[in-house]
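Asks: Shown below is the structure under consideration.
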Amino acid sequence: MTAPATIECQRALRALVESVLAPLVAKDGGVLRWRGRVDDVVEVSLGGACLGCPAQRDTLDSVLLPAMRAVDPSVAAVRVVAPT
């Protein structure tokens, strides 16, 4: 993948998180924030109702990851990082 394609994919993923996925998570009282991408892993932070939620891993694997892969199939995983 060329550098411009990588930048464009990152922009598209960030837009997905900020305009689609974060509002979806917010409907259940959670907070989702884009933190970046490291190789094939997208990093996000979670807050609100997401903190300590037993369904957190399911949401990451069954909702966020498939949506991100629809935008960029090279995404291998979603990792939660500490908020900055």
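Asks: Considering only residues of segment 54-84 that are closer than 12 Å to Val25 by Cα and of a type outside the set (A, V, I, L, M), which is surrounded by the fewest Cβ atoms within 10 Å (Cβ to Cβ)?
Replies: Gln56
Asks: Now, a different point. Show the residue pairs that are 6+ apart or on different chains and have beta-carbon atoms under 7 Å apart, the first residue being within segment 36-61 and at negative phi, the second being of a type in the set (Phe, Trp, Tyr).
Replies: Correct list of pairs: Val44/Trp34.
Asks: Any chance you could count how many residues in segment 36-47 are farther than 11 Å from Val78 by Cα and buried (at least 16 other Cβ atoms within 10 Å of the Cβ)?
Replies: 1
Asks: Answer yes or no as to whether Ser45 is of a type in the set (Ser, Thr, Tyr) and farther than 19 Å from Arg11 by Cα.
Replies: For Ser45, the condition - of a type in the set (Ser, Thr, Tyr) and farther than 19 Å from Arg11 by Cα - is not met.
Asks: Filter segment 26-35 for residues that are without any contact (Cβ under 8 Å) to a residue 40 or more places away in the chain and closer than 15 Å to Ala82 by Cβ; which is surrounded by the most Cβ atoms within 10 Å (Cβ to Cβ)?
Replies: Here the residue is Leu32.
No value in this document is a laboratory result; all are computed from the given coordinates. Note that the coordinates shown come from a computational prediction; the quantities given were computed from them, not determined experimentally. Backbone-built Cβ (ideal geometry, glycine too); neighbour counts: all protein chains shown.
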